[in-house]
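One structure is given here, and the rest of the page talks about it.
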Ligand SMILES: [Zn+2]
């Protein structure tokens, strides 16, 4: 309910404050396929500099307040090891594979993107911890239905291969292979459906195929997951059922 649209229908939802997120984001960024945003360090330096200048001046306090607003990830308290889905195991992804943010306040979240790992759960966890991988999803659902969270939902995970979609979505990986129907177990569907239902409840996302999408449906995506064996009708049905049972958190 709190996550109403702040931007345009095309998802230009970043920053609601004056000049937020403008400078430095242009250039070749869009469409270059690189998700990384290396400006946070510079931003932190700017804030540090402002703090040093502030001294005791009352004026500076306002200024600092405004700058703090622009610092990603400082608005909400973060607790080490905290998860967004009850019962999830927490394993931190490498910071190179996501960007600190303050969603849904700085970016509206209106999509869930379904992925398949093309490998084991263990190998997916390993690559998401690898700073050289340059990609990771928020969650991985195992064949046994166990959920591992590696990035907080308030942060922007590099999972969709499309910056705008990364900023607006939560990425859920599923252990298995796109060409192997047996990858997708009952336990996995049930657990993933509860996870996605919770995400949809938290951000007011409609449970339909326009908002719960496959990686293959992300504009510009060169990935095919979750592939032909993923049973979308079944999944959406399960998410809807679970959504009905979810109390908003
Ligand atoms: Zn994918």
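Brief remarks follow.
- Antiparallel DSSP beta bridges within region 89-245, as percent of all bridges there, nearest 5: 30
- Surface/4 of the Cα convex hull for region 89-245, nm²: 8.0
- In nm, spacing of pseudo-spin labels at residue 234 and residue 122 (7 Å Cα→C-beta vector): 2.7
- Fully extending the segment from residue 129 to residue 92, taken as 0.36 nm per residue of separation minus the present Cα-Cα distance, adds 12.6 nm.
- Neighbour-count order for 174, 229, fewest beta carbons within 10 angstrom listed first: 229, 174
- Global geometry of region 154-229, whether rounded, prolate or oblate, following the gyration tensor of its Cα atoms and the 1.5 cut on a/c: oblate
- Label-to-label distance, nm, for residues given as residue 209 and residue 224 (7 Å Cα→Cβ offset): 1.9
A short reminder: the numbers here are calculations on the coordinates, not readings from a lab. Being a predicted model, the structure only gives us computed values, none of them experimental. Heads up, the Cβs are rebuilt from the backbone with ideal geometry, glycines too, and the neighbour counts pull from every protein chain shown.
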